[in-house]
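Everything on this sheet refers to the single structure shown next.
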Amino acid sequence: MATEFTSSSSSPTDRRLSALVRHLATSSPMMESQTTVTFSPTSGFHGDSVFSHVVRAPEDPILGVTVAYNKDPSPVKLNLGVGAYRTEEGKPLVLNVVRKAEQMLVNDRSRVKEYLPIVGLADFNKLSAKLIFGADSPAIRENRVTTVQCLSGTGSLRVGAEFLARHYHQRIIYIPQPTWGNHPKIFTLAGLSVKTYRYYDPVTRGLNFQGLLEDLSSAPSGSIVLLHACAHNPTGVDPTLQQWEQIRRLMRSKALLPFFDSAYQGFASGSLDADAQSVRMFFADGGECFVAQSYAKNMGLYGERVGALSVVCKTADVASRVESQLKLVIRPMFSNPPIHGASIVAAILKDRNLYNEWTVELKAMADRIISMRHKLFDALRARGTPGDWSHIIKQIGMFTFTGLNSEQVAFMTKEYHIYMTSDGRISMAGLSSKTVPHLADAIHATVTRIS
């Protein structure tokens with residue numbers, strides 16, 4: 001058998017390949033008598049990468065703030081961009097009740113690391129539904145709610161969006177303007193057409209309620225509407241209960257489908273029930289709705305990625321069929337959810353002592369954020385800072401929409417080493433009694449020099 005080998009190089013790798021081909025040629029009678037193997041440079045060995053055309057993507061506008069902050073050597077730098085709770089000392093917090101629950105799980109030698117079902121941990125799902133809808137909810141008793149465990153709030157939104165894109169007759173979703181930066185990406189990539197409704201009034205730094213009603217009134221019948229359950233991100237502006245009732249009546253009259261994003265239950269006001277009132281209004285009227293839950297903020301389980309998607313249906317039979325289709329969304333997406341974080345949540349929610357301890361710690365976090373709002377407001381007023389800053393104490397939750405523009409934000413970063421998103425959103429949870437004066441000085445100097 002005559003076999004010819006040619007090579008465009010004499011690298012060790014090519015010589016090894018040549019030896020392999022010679023071996024195969026001599027050991028296999030099926031190979032043709034005349035075989036020419038030519039080695040050419042590949043991306044693995046020579047020349048440009050086959051991905052050399054790929055352009056560098058911009059940093060995420062929110063996560064990029066932390067990247068820039070980490071590169072700053074200044075000892076007075078302050079990161080108010082991150083959406084995570086910090087202690088008075090500026091440190092991340094692991095709740096004591098979370099540590100207790102984790103220790104219980106570690107000590108339970110019967111626990112294994114087997115796969116969860118596609119829909120997740122059963123106890124977690126059941127308890128999550130009760131937490132957001134209320135333990136005495138008729139729909140839960142009637143099995144009209146299906147809940148599946150997802151990858152925090154983001155994953156819950158994406159699973160719900162994928163389901164709606166496949167099975168709902170209307171593919172338009174209305175989201176508030178502004179909203180969390182990930183919302184339009186999540187819904188667009190799921191195949192929905194994203195439109196906006198007016199929400200924030202930059203003049204009053206409050207809710208543009210009339211604009212909201214007008215835009216939802218003109219939405220096509222059956223459209224999906226994204227609603228922030230409480231502590232609207234990024235503005236911290238929420239409707240009053242009376243306004244929520246008007247929104248509910250309008251949406252039901254036009255058969256608009258509510259999709260709640262509940263990322264801050266208990267974290268906004270300090271009360272789990274108060275922060276769930278908007279959702280329960282829509283739930284109590286017997287209509288259908290979607291709710292995405294996250295335990296990142298209220299249990300501090302940011303990195304555990306623990307969330308749930310609940311779908312409220314008209315009948316138990318419909319709920320069962322919806323769940324069967326949710327499984328078909330989840331299976332090729334992430335197969336099944338992780339077990340550890342959900343087990344922590346379930347352990348806390350089903351143990352009365354742990355639950356009570358959690359509510360105390362949760363309120364302490366919420367109260368510290370509220371106190372930071374008052375300290376910042378008082379500091380600005382003491383300095384005679386131009387403008388009305390009362391919106392800082394009127395807004396609620398982790399974030400405040402300061403009203404600072406992108407030029408002012410850039411100035412504060414350059415001159416005072418204070419980092420925030422370019423729209424002027426700051427995380428009140430990133431402040432402390434020690435850093436409030438620095439921020440107040442920076443805001444005062446900025447609005448005095450730059451209009």
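The values are calculated or read from the model by the stated rules, or taken from the named source; none is laboratory data. Bear in mind the structure is a predicted one, so any value in this text is a computation, not a measurement. Methodologically, a virtual Cβ is constructed for each residue, glycine included, from the backbone with ideal geometry; neighbour enumeration extends over all protein chains shown. Each accessible area value is taken on the protein alone, full model and side chains, heavy atoms only, with ligands, DNA and RNA left out. Shrake-Rupley method; radii C 1.70, N 1.55, O 1.52, S 1.80 Å.
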| request: Report the convex hull volume per residue for the stretch 187-229, counting only C-alpha atoms, in Å³. | output: 97
| task | Calculate how steeply helix 152-167 sits against the longest principal axis of the alpha-carbon atoms of the chain, using the helix alpha-carbon long axis, and give the answer as 0 to 90 degrees to the nearest 10. | result | 80
| query | So for the chain: antiparallel DSSP bridges make up what percent, rounded to the nearest 5? | reply | 45
| request: Could you rank the peptides 116-122, 165-171 by their average count of other C-beta atoms within 10 Å per residue, with the highest value first? | output: 116-122, 165-171
| What are the radius of gyration and Dmax of the stretch 120-279, computed over its Cα atoms and given in Å? | 15.5, 47
| query | With the other protein chains left in place, how much accessible area per residue, in square angstrom, belongs to the stretch 56-173 at a 1.4 angstrom probe? | reply | 55
| message | If you restrict to DSSP beta bridges whose two residues both lie in the stretch 254-339, what percentage is antiparallel, to the nearest 5? | response | 60
| note | For the stretch 311-451, the per residue accessible area (1.4 Å probe, Å²) is 43
| message | Helix 96-107 against the longest principal axis of the chain: what's the angle in degrees, Cα atoms only, rounded to the nearest 10? | response | 40
| Roughly what % antiparallel, to the nearest 5, for the DSSP beta bridges in the stretch 124-276? | 15
| request: Assign unit charges at the C-beta atoms only (+1 for Lys and Arg, -1 for Asp and Glu), then state the dipole size of the stretch 133-193 relative to its Cα centre in Debye, rounded to the nearest 20. | output: 180
| Once amide H atoms are built 1.01 Å from N in the peptide plane, which residues 5 or more positions from Tyr200, or in another chain, come under 5 Å H to H? | Gln177, Asn208
| field | Cα-based Rg of the stretch 389-451 normalised by 2.2 N^0.38 Å, two decimals | value | 1.03
| Just the C-alpha atoms of the stretch 94-187: what Rg/Rh do they give, with Rh taken as the Kirkwood radius? | 1.04
| task | Compute the Rg/Rh shape ratio of the stretch 289-419: radius of gyration over Kirkwood radius, all on alpha-carbon atoms. | result | 1.12
| note | With label points set 7 Å from each Cα along the Cα-to-Cβ direction at Ser110 and Ser52, the distance between them in nm comes to 6.2
| query | Here are some pairs, Lys130/Lys394; Lys297/Lys363; Lys185/Lys327; which of them have Cα atoms lying more than 18 Å apart in this structure? | reply | Lys130/Lys394; Lys185/Lys327
| For the stretch 171-217 versus the stretch 252-308, the gap between their alpha-carbon centres in whole angstrom | 17
| Karplus 3J(HN,Hα) series, Hz, for the stretch 282-290 with 6.51 cos²θ - 1.76 cosθ + 1.60 (x for Gly, Pro) | 6, 6, 6, 7, x, x, 8, 6, 10
| Simple spin-label model, 7 Å along Cα-to-Cβ: Ser221 to Ala255 in nm? | 0.5
| query | At what distance in angstrom do the alpha carbon centres of the stretch 77-105 and the stretch 336-372 lie from each other? | reply | 12
| Considering every pair of different Cα atoms, what Kirkwood radius, in Å, is found for the stretch 162-208? | 11.7
| field | Convex hull of Cα atoms in the chain, direction-averaged projection (nm²) | value | 30.6
| Using θ = phi - 60° and the Karplus form 6.51 cos²θ - 1.76 cosθ + 1.60, what ³J(HN,Hα) does each residue of the stretch 301-306 get, whole Hz, x for Gly and Pro? | 9, 3, x, 7, 6, 10
| request: Restrict the search to the stretch 305-371; then list the chymotrypsin sites (Phe, Trp or Tyr not before Pro) that DSSP places in a loop and that have at most 12 other Cβ atoms within 10 Å of their Cβ. | output: none
| message | Sort 282-293, 301-312 by packing, meaning the average of other beta carbons within 10 Å per residue, with the highest value first. | response | 301-312, 282-293
| request: Quick one: compute a quarter of the convex hull surface over the Cα atoms of the stretch 217-345 and quote it in nm². | output: 9.2
| Principal axes of the stretch 282-321: Cα extent on each, largest first, Å | 35, 22, 10
| message | What percentages make up the Cα-Cα pair-distance distribution of the stretch 37-177 when the bins are 10 Å wide from 0? | response | 7, 17, 24, 25, 18, 7, 2, 0
| message | Give me, ordered by chain and number, the residues 5 or more places off Leu227 or on other chains with an amide H under 5 Å from its own placed amide H. | response | Phe259, Phe260, Asp261
| query | Whose amide H sits under 5 Å from the amide H of Ile172, counting only residues 5 or more places off or on another chain, with H placed in the peptide plane? | reply | Ser193, Ile224
| message | Given a 1.4 angstrom probe, I'd like the percentage of the accessible area of the chain that is carbon and sulfur, rounded to a whole number. | response | 54
